[in-house]
């Protein structure tokens, strides 16, 4: 009898642990490095409101926030990260990003480590951040590497007019597997995860002749460091190409777990409609979220911040993150976020 009770207790405890491990991670962008973002403005009050808005989700989901650490004024970065630690909210840092190429070189608030390759910080700088913030720093993101790589190739050849005045083009290629590998290895050594987010996965990018080669290089990295990277599909393809993919988007990323990815997920963006971001209806974001949950995705990431929270739309130039409609408070949940939260909380369960 005692043995049966012991086995039953063990099964219950194991089941509880498994349920916790399988809890779906929801990752919300709070600042991509825009000059009027909450980080550049040191807007602690807005950060508090943003976290408060997300609080209802934290009992049912694994909630984290995402920001880019490339800001020039490191005291402002420290202020933001210290605030998140006090609020007990884990955070993820953009490490290799198209934002660090475009906003990094053209936004006066920013000073990325290497904008030509989209590196927000170096491995050494990342190590300092991890040493300071420990378990609060839970993950890294690679964002739009292939889309930006394609754009840079176009700037160098067929479309030089795409180059902004401040853009610093790499002498080689934007996508450097060796650079990606160094951050994946760091994440592995420190029990962190990596989100690799892009819209340009095969077979959705037949126009990019380098994509087959890129795909093989990504798979090689996954095999080298299995169990670290989650591949996500960004539903912000140019010319609204993502819209008809609501039921088929996963076919671009579902094969990567076979090569060592921890799974696949969705970068769920209001840039769905020709980058006009505010035209996307909340029910569209919810439909994409439902699609990801139906496919047992363990990582769903949302952006931009000002679609979800009461903040001004991002600008390259410096601006005030408090510039919101009269009678409202910066950082409060917009109707789009309220509806998303209601949907997520009304689900019978967050994971199977």
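The values are calculated or read from the model by the stated rules, or taken from the named source; none is laboratory data. Fair warning: this is a prediction, and the values are worked out from it, not measured in the lab. No Cβ is skipped: glycine too gets one built from the backbone with ideal geometry, and neighbour counts run over all protein chains shown.
What the table below lists for this structure:
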{"item": "Scope the stretch 33-49; condition assigned to a helix (DSSP H, G or I) and either in contact with a helix residue (DSSP H, G or I) (Cβ under 8 Å, 6 or more places away or on another chain) or without any contact (Cβ under 8 Å) to a residue 60 or more places away in the chain (or both); matching residues", "result": "44, 47, 48"}
{"item": "Residue satisfying all of: in the stretch 174-195; in a loop (DSSP other than H, G, I, E, B) and crowded, with 16+ Cβ neighbours inside 10 Å; nearest to the chain's Cα centre (by Cα) among these", "result": "192"}
{"item": "Conditions (1) surrounded by fewer than 23 Cβ atoms within 10 Å (Cβ to Cβ); (2) in contact with a strand residue (DSSP E or B) (Cβ under 9 Å, 6 or more places away or on another chain); number of the one not met by residue 76", "result": "(2)"}
{"item": "Single match in 238, 244, 203, 212 (criterion: surrounded by fewer than 21 Cβ atoms within 10 Å (Cβ to Cβ) and at pLDDT 95 or above)", "result": "244"}
{"item": "Residue in the stretch 50-64 that is farthest from residue 303 (Cα to Cα), counting only those that are touching a residue at least 24 places away in the same chain (Cβ under 8 Å) and assigned to a loop (DSSP other than H, G, I, E, B)", "result": "60"}
{"item": "Which numbered condition residue 112 fails, given (1) closer than 23 Å to residue 164 by Cα; (2) surrounded by fewer than 23 Cβ atoms within 10 Å (Cβ to Cβ); (3) without any contact (Cβ under 8 Å) to a residue 60 or more places away in the chain", "result": "(2)"}
{"item": "Among (1) touching a strand residue (DSSP E or B) at 6+ places or on another chain (Cβ under 8 Å); (2) within 21 Å of residue 133 (Cα to Cα), the one test that residue 110 misses", "result": "(2)"}
{"item": "Subset tally (residues that are in contact with a strand residue (DSSP E or B) (Cβ under 9 Å, 6 or more places away or on another chain) and either at pLDDT below 95 or within 19 Å of residue 93 (Cβ to Cβ) (or both)) for the stretch 148-173", "result": "1"}
{"item": "Filter result (surrounded by 17 or more Cβ atoms within 10 Å (Cβ to Cβ) and on the phi > 0 side of the Ramachandran plot) within the stretch 259-288", "result": "260, 263, 277"}
{"item": "Answer residue from the stretch 310-325, given it is within 20 Å of the chain's Cα centre (by Cα) and under 15 Å from residue 71 (Cα atoms) and is surrounded by the fewest Cβ atoms within 10 Å (Cβ to Cβ) among those", "result": "315"}
{"item": "Single condition residue 32 does not satisfy, out of (1) surrounded by fewer than 22 Cβ atoms within 10 Å (Cβ to Cβ); (2) farther than 13 Å from residue 320 by Cβ", "result": "(1)"}
{"item": "Output for the stretch 252-290, where each listed residue is in a helix (DSSP H, G or I), over 22 Å from residue 343 (Cα atoms) and in contact with a strand residue (DSSP E or B) (Cβ under 9 Å, 6 or more places away or on another chain)", "result": "252, 256, 257"}
{"item": "Unmet criterion (only one of (1) part of a loop (DSSP other than H, G, I, E, B); (2) in contact with a strand residue (DSSP E or B) (Cβ under 8 Å, 6 or more places away or on another chain)) for residue 140", "result": "(1)"}
{"item": "Residues (farther than 16 Å from residue 99 by Cβ, free of Cβ contacts under 8 Å to residues at least 60 places away in the same chain and crowded, with 19+ Cβ neighbours inside 10 Å) located in the stretch 137-153", "result": "137"}
{"item": "Count of the stretch 106-118 residues which are over 18 Å from residue 319 (Cβ atoms) and assigned to a helix (DSSP H, G or I)", "result": "3"}
{"item": "Among (1) in a helix (DSSP H, G or I); (2) surrounded by fewer than 20 Cβ atoms within 10 Å (Cβ to Cβ); (3) in contact with a helix residue (DSSP H, G or I) (Cβ under 8 Å, 6 or more places away or on another chain), the one test that residue 218 misses", "result": "(2)"}
{"item": "Which numbered condition residue 171 fails, given (1) crowded, with 16+ Cβ neighbours inside 10 Å; (2) part of a loop (DSSP other than H, G, I, E, B); (3) over 18 Å from the mean Cα position of the chain (by Cα)", "result": "(1)"}
